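Below is one structure; the comments refer to it alone.
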């Protein structure tokens, strides 16, 4: 028994030695300044003569101007789906910021497993395709499936709801919208089916600031 | 005069049986020390090789004028961000000079975070201008993601059979788990970018507190790999790293926003 523990102790000490070498000693040695003497000398000479300070500065300001032009001069909105925040900008100036709700990242599978609906807010650049006051929500099939209700035929009155989307909606294409909500307690959470929900006052400010064609940056 | 420490060690073993254990101990430590020493020597040499390879790739390029290097870096940085803006997806730009990390979408900065702390491998501190521009002169591409939290969590829900079942399943809010955000990406041009979420600068000093199980797994993988290299007489590898500490919520937001093979622009 004693011998067994001695062997075990030898093994453990050996493993600990190896581990500490791999995790600490070797990386430290690799990073040590002594390891690379003479490998990377600083540049010498004054270059190939084709670049000079003035031309570089000119190039940089040209490129910077090109980059700056990519930021819209008009109002645009940035949506952070991870933290459920929105930022309304005009040029580089922040006009308003606040909480929003975005997609819940959920896949709803119908009971018969033959239909699938994916609820998430797509990332990327969108444009405002349309604006509408007092919108009526035309409930899609998933809204009924999710509530365990039978799906009514298209155009059925039970498909239309007033007030659910708040006072305004801005359409982004592919069925996605920025709109209001009656579920205000969920603002700031990932609970939607992909649309972006805002509180009433924020929605009004966004509705007034953004025009058809305005950019919506979602990340 | 007899050495007392020797006597103490010998006394651990019973006469005949013990000589076997003693021999085993000597052999075992001998092998470990020799192989680890050789491995250490090769590991150090591999850094030199890596630098030499990097330099050989830019051989023949005109030397960079040291007085213009900052301007040239600035130009490369803006140029690289412009190239990244040509893509349709979110890109990451990291400016270690200004201590900022940004998410950019079509040239628009959609998120900006202050870097709280960072460290870079010696490789980056010693590269010359030409190697710098060969590595950071154009956007890099992410090749592999690893993270302590799920990158894109997705829940699958089976539709309720009826209204009663739907009501029973009323949105149950998941409790917010105590997450340690630590993620690492392998970039083309063969180096790693590690991002850790911290709530204070002091926290960034204790790397092992972060990522908990994730960091443990990474270390274990490292040990196993090294052991495998020794056993198979393979040359060790060296991957330069950049470690950046930013607020935890921002580390998480960036991880979730970046596509699998996003572009990354870096200025050191």
Determine whether residue B:261 is within 9 Å of chain A (Cβ to nearest Cβ) and surrounded by fewer than 22 Cβ atoms within 10 Å (Cβ to Cβ). no
Could you say which residue among A:180, A:213, A:188, A:173 is under 30 Å from residue B:111 (Cβ atoms), at pLDDT 95 or above and touching a helix residue (DSSP H, G or I) at 6+ places or on another chain (Cβ under 6 Å)? A:180
Qualifying residue in segment B:21-30 (condition: buried (at least 19 other Cβ atoms within 10 Å of the Cβ), within 9 Å of chain A (Cβ to nearest Cβ) and in contact with a strand residue (DSSP E or B) (Cβ under 6 Å, 6 or more places away or on another chain)): no
Residue A:44 being at pLDDT below 85, out of contact with any strand residue (DSSP E or B) (no Cβ under 6 Å at 6 or more places or on another chain) and surrounded by 12 or more Cβ atoms within 10 Å (Cβ to Cβ): no
Mind listing whichever residues of segment B:80-120 are assigned to a loop (DSSP other than H, G, I, E, B) and over 21 Å from residue A:79 (Cβ atoms)? B:86, B:96, B:97, B:98, B:99, B:115, B:116
Does segment A:153-162 include one or more residues that are in contact (Cβ under 8 Å) with a residue 12 or more places away in the chain, assigned to a strand (DSSP E or B), closer than 23 Å to residue B:157 by Cβ and more than 13 Å from chain B (Cβ to nearest Cβ)? yes
Looking at segment A:130-144, which of its residues are surrounded by fewer than 16 Cβ atoms within 10 Å (Cβ to Cβ) and closer than 17 Å to residue A:168 by Cβ? A:130, A:132, A:133, A:134, A:136, A:138
Subset of segment B:24-79 [out of contact with any helix residue (DSSP H, G or I) (no Cβ under 6 Å at 6 or more places or on another chain) and not in a helix (DSSP H, G or I)]: B:59, B:60, B:62, B:63, B:65
Residue count for segment B:135-167, restricted to those that are modelled with pLDDT under 90, more than 7 Å from every other protein chain (Cβ to nearest Cβ) and not in a loop (DSSP other than H, G, I, E, B): 2
Here the residues within segment B:1-20 that are within 10 Å of chain A (Cβ to nearest Cβ) and at pLDDT 65 or above are B:20
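When you scan segment B:121-134, how many residues do you find that are in a helix (DSSP H, G or I) and more than 15 Å from the chain's Cα centre (by Cα)? Let's see the steps before the verdict.
The first filter runs over segment B:121-134 and keeps only residues in a helix (DSSP H, G or I), leaving B:122-126, B:129-134.
Pick out the ones that are also more than 15 Å from the chain's Cα centre (by Cα) and you get B:125-126, B:129-134.
Matching residues across segment B:121-134 total 8.
The values are calculated or read from the model by the stated rules, or taken from the named source; none is laboratory data. What you are looking at is a predicted structure, and each value in this text was computed from that prediction instead of being measured. No Cβ is skipped: glycine too gets one built from the backbone with ideal geometry, and neighbour counts run over all protein chains shown.
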